[in-house]
1. Name the single residue, out of those in the range 263-308 being within 21 Å of residue 29 (Cα to Cα) and touching a strand residue (DSSP E or B) at 6+ places or on another chain (Cβ under 7 Å), that is surrounded by the most Cβ atoms within 10 Å (Cβ to Cβ).
2. Going residue by residue through the range 76-88, is there one that turns out to be modelled with pLDDT of 90 or more and either assigned to a loop (DSSP other than H, G, I, E, B) or touching a strand residue (DSSP E or B) at 6+ places or on another chain (Cβ under 6 Å) (or both)?
3. Write out, first by first residue and then by second, each pair whose Cβ atoms fall under 8 Å of each other, whose residues are 6+ apart or on separate chains, and whose first residue, in the range 21-41, is on the phi < 0 side of the Ramachandran plot while the second is surrounded by fewer than 24 Cβ atoms within 10 Å (Cβ to Cβ) and of a type in the set (Asp, Glu).
4. Go through the range 340-372 and count every residue that is more than 24 Å from the chain's Cα centre (by Cα) and among the aromatic types (Phe, Trp, Tyr).
5. Which of (1) under 28 Å from residue 399 (Cβ atoms); (2) of a type outside the set (Asp, Glu); (3) at pLDDT 90 or above; (4) part of a helix (DSSP H, G or I) does residue 292 not meet, given it meets every other one?
6. Which one of the conditions (1) more than 19 Å from residue 29 (Cβ to Cβ); (2) crowded, with 16+ Cβ neighbours inside 10 Å does residue 209 fail to meet, given that it meets all the rest?
7. Sort through 347, 340 and tell me the only one that's in the same structural domain as residue 231 (by TED's automatic domain parsing), closer than 16 Å to residue 201 by Cβ, in a helix (DSSP H, G or I) and at pLDDT 85 or above.
8. Is it true that residue 367 is surrounded by fewer than 23 Cβ atoms within 10 Å (Cβ to Cβ), hydroxyl-bearing (Ser, Thr, Tyr) and either touching a residue at least 40 places away in the same chain (Cβ under 8 Å) or not in a loop (DSSP other than H, G, I, E, B) (or both)?
Amino acid sequence: MKDMVPQFFLSMKHYTKDQFVKDLISGIIVAIIALPLSIALALASGVTPEQGLYTAIVAGFVISFLGGSKVQIAGPTAAFASIVAGIVIRNGMDGLAMATIMAGVILIIMGLLRLGSLIRFIPYTLTTGFTTGIAVTILIGQIKDFLGLTFQESPVETMDKLKEVFHSFGTLNPMAFVVGMTALLILIIWPKFFKKIPPSLIAVIVTALAVKILDLPVNTIGDLYTISPKPPVFHLPVFSIDMMKNVFPDAMTIAVLAAVESLLSCVVADGMAGTRHNSNMELVAQGVGNTCSALFGGIPATGAIARTAANIKNGGKTPVSGMVHAVLLFLVLILLMPYAALIPMPAIAAILFMVAYNMSEWREFVSIVKTAPKSDWFVLLITFGLTVVFDLVVAIGVGLALACLLFMKRMADVTDVSGWKYLEDHEEGEESALDLKPVPKHVAVFEVDGPLFFGAAHKISKVVLEEGKRVLILRMRSVPAMDATALRTLQQLYHSLNKKKVTLVLSHVNEQPMSIMEKAGFADIIGRENIADCIDEALIHAEGL
């Protein structure tokens, strides 16, 4: 447990006043960026505006305090929007709180079991597929507010929302569209001239003033939601076994997604800041942060790449900047939250359009389709399609299963069992014969190349002996690993040869396969004298049999 030390405590050993000033300035800037985003992402998740701030405040502070990264900024992110909205509709806020707490416990266990490094085994095609799918889901979900449409129904699924957009297109509000386009243009153009002030804050202020002063017929947050300036209050959800069963798949999805996104954010941050994160400590912090967020009325949180990058660019180098960002958002919640009621819904939709675009990874998506093997882009497209048409739980489950199956097929394809070409079969002076070894006539040699596992074990059946062969040498120098299925196949081969009075000799067995054979007792059954260190020893031994 010595390595499970939060970066905050390590940073405090050499903390200076100058660094505090930098962290303070960076924390303030990040809070300004996080304010409109937290509100927008809360609305996209189907919860109240203040719950987005609760998440940024509670989870943001806890994860910075306990985290394994010096510069990570945590809070609500777009990746969770569709998941959270679905849980709230199906199981209510107590269901969401329970799913988030369960996800937090899973994350803590993952960290304590040192599973942080296992995240790298999730294929890039899978993360790109569901990330792009989430972006499309967010975009479709915001068309209603951007165009000021009036829906006859309140669909939950993405494709149903898209159908409702077409059915309700006649209710388009031109003023809402103008306000939305104004906000979108500010978000696109402002960063080209002004780097320091976040464009989302300017877009919110400009459109709110325009709607208020000109009295435009456009829905604002206050028209649709009751804004509460109350601080987050501890609330223990009603626990039940049935509810836990219902939300367990969602909890697993939240945990996996939080782990993947936070650790990816840490990797990006390390590259920008020249730091090195502790992945296991980060998972524990994410778990505690999500649990606390749920207990104080928040939604799932994870590391936010854009906010983390902004923190680094503005001088933040320790977890203090993340804690400052959380404290400032708390003050905004208490003092300025009622003014959030003036923010127009089309402006929120425009902000989420930009969030969707920035997270979509469409360039990487296109690149994979153009350059990757068919199996990779097949996983990409399936994951993307299932995320949009169904949900993230289905997409991750099916995508990961497909990726594993295709990987096993690739490994099975590269494994081969082939018989040697013998010196006496070549004509005199033939160049390819120079590298061949003389083999006694009563001996056959087969070379096994590649990992021997259940997907490739059947290839042992390629071993077919000619008449008169009394010894079979299996050369295994190119077998890095084997599993129980492959061992069983070898055992069957041994018994089959034994009946024919043919001796099986193994050559150059690597460490992992040898360990499997010894544990199963196969090394003693075959006879340790029949296991040679190299092919030369095996041939000498076979000649004497």
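1. Among them, the one singled out is 301.
2. yes
3. Close Cβ pairs satisfying both conditions: none exist.
4. Residues that pass the stated criteria total 0.
5. (1)
6. The single condition residue 209 does not satisfy is (2).
7. On the way: 340 fails: at pLDDT 85 or above.
Going through 347, 340 in turn, just one is in the same structural domain as residue 231 (by TED's automatic domain parsing), closer than 16 Å to residue 201 by Cβ, in a helix (DSSP H, G or I) and at pLDDT 85 or above: 347.
8. On the way: surrounded by fewer than 23 Cβ atoms within 10 Å (Cβ to Cβ): yes; hydroxyl-bearing (Ser, Thr, Tyr): yes; either touching a residue at least 40 places away in the same chain (Cβ under 8 Å) or not in a loop (DSSP other than H, G, I, E, B) (or both): yes.
The answer is yes for residue 367.
The values are calculated or read from the model by the stated rules, or taken from the named source; none is laboratory data. Since the structure is predicted, the reported quantities are computational estimates derived from the model, not experimental observations. Because the Cβ atoms are built from the backbone with ideal geometry, glycine has one as well, and the counts that use them run over all protein chains shown.
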